[in-house]
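Worksheet for the structure shown next.
The values are calculated or read from the model by the stated rules, or taken from the named source; none is laboratory data. The shown structure was predicted, so the numbers you read here are calculated from the model rather than taken from an experiment. Quick reminder, even Gly has a Cβ in these numbers, built from the backbone with ideal geometry, and neighbours come from all protein chains shown. Note: areas computed on protein heavy atoms with side chains; ligands, DNA, RNA excluded. Shrake-Rupley method; radii C 1.70, N 1.55, O 1.52, S 1.80 Å.
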Amino acid sequence: MDTPDAPANAADAAPEPATPAAPEPEPLAAARATDARPRPLADAPACTWSGVAGVLTDIDDTLTRDGAIEPAALDALHALAAAGVPVIAVTGRPMGWSQPFATAWPLRAIVAENGAVMLWRDAGGALQVGYAQDEATRAANARRLQAAAARILAELPDARLALDSPGRVTDIAIDHAEHARLDEAAIARVVALMHAQGMHATVSSIHVNGWFGEHDKWSGACWAVRERLARALPDEVGRWVYVGDSTNDQAMFARFGLSVGVANLLDFADRLHTWPAWISAGARGAGFAELAAALLAARAALASSPPDSTAPSGSGRHR
């Protein structure tokens, strides 16, 4: 991944506290059917979360309500950080919108614009920005993005660019539920027009995003985990949790056995083909906080449990 505005970052990432040895998670992580309805988060056995290495989360309507982070979610982020659990946010929001939150929230990074941009704080607390595409590619794509947006707005008079568009550098976003309203037919037409122009397109709870390039939330998550934590997400995907709220989270739900939907995901039940493994009782930030509490309780219980006295010396905790 190209990072023209900052040096390579694996070396300046602070060492992560070792994750305690834990019972193996339930085999659902590898075997669950993604078209099956999720189970209540409250029903998850504690061992489901005790070996978790980190959390990946969407932002809009997962941590936030009406664009502002909910207090319960912010408290949960601080609690996870204090416990040494890295959290990386992966969002379709733009670089400009993400900048203040990358410095204010206790996150290891924000991956913005659906995998195209990464923002993080360096060892001195200064904001750094990296890009998945080099400068020449971004410049060429900017012209294509302008043309694509112009065509969509010309062919769909009710379509409006998202108000956060001035902060975007690698994609375009059409507002369908934040400050403007488009019905399902109009949303489908926007997606079709993006595809017709060779773009990738995805529909979040508020925007239709379109971009040129092969990056997505998964590639962005892998990039962030590698650069910020010096770890390989594909090798330990079974030990990471993904939290989301909308149809554009389905590809990530499919990749993560430990996937969680916040309760407002059910607003899209008739449009989902891929479900998370678990669903919270609380919506938005309250749902994220519910997951954080379960994860932290499982780690605390594991840390306080005595080793198996019958196990040979050096064999670790009872599994």
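Descriptive notes on the structure:
- Karplus-based coupling profile of the range 74-89, in residue order and whole Hz: 5, 4, 5, 4, 5, 5, 5, 4, 4, 8, x, 9, x, 10, 10, 8, with θ = phi - 60° in 6.51 cos²θ - 1.76 cosθ + 1.60 and x standing for Gly or Pro.
- Estimated vicinal HN-Hα couplings, Hz - the range 288-299 in sequence order (Karplus 6.51, -1.76, 1.60; Gly, Pro = x): 4, 4, 4, 5, 4, 4, 5, 5, 5, 5, 5, 5
- Degrees between helix 184-196 axis and first principal axis of the chain (Cα, 0 to 90, nearest 10): 80
- Inter-centroid distance (Cα atoms) of the range 97-173 relative to the range 273-287, Å: 26
- Divided by 2.2 N^0.38 Å, where N counts the residues, the Cα radius of gyration of the range 174-319 comes to 1.34.
- Electrostatic dipole magnitude of the chain [Cβ: Lys, Arg +1; Asp, Glu -1; Cα centre; debye, to 20]: 340
- Per residue solvent-accessible surface (Å²) - the chain, probe of 1.4 Å: 41
- Listed residues 134, 61, 249, most fluctuating in the chain (Gaussian network, C-alpha, under 10 Å): 134
- Loop-located trypsin sites (Lys or Arg not before Pro) across the range 115-220 with a Cβ neighbour count of 16 or fewer within 10 Å are 181, with loop assigned by DSSP.
- Carbon plus sulfur fraction of accessible area for the range 120-212, probe 1.4 Å, in percent: 54
- Share of carbon and sulfur in the accessible heavy-atom surface of the range 235-286 [1.4 Å probe, %]: 49
- Normalised by the number of residues in the range 86-227, the average gap of Cα pairs under 8 Å and 6 or more apart makes the relative contact order 25 percent.
- Against the chain, whose longest principal axis is taken from its Cα atoms, helix 135-155 shows a tilt of about 60°.
- Among 205, 180, 190 the positive-end extreme of the charge dipole of the range 142-224 (Cβ point charges): 190
- Projected over all directions and averaged, the alpha-carbon convex hull of the chain occupies 16.5 nm².
- For the chain: relative contact order, % (alpha-carbon pairs under 8 angstrom, 6 or more apart): 26
- Taken about its Cα centre, the range 117-261 carries a charge dipole of roughly 220 debye when the Cβ of each Lys and Arg holds +1 and the Cβ of each Asp and Glu holds -1.
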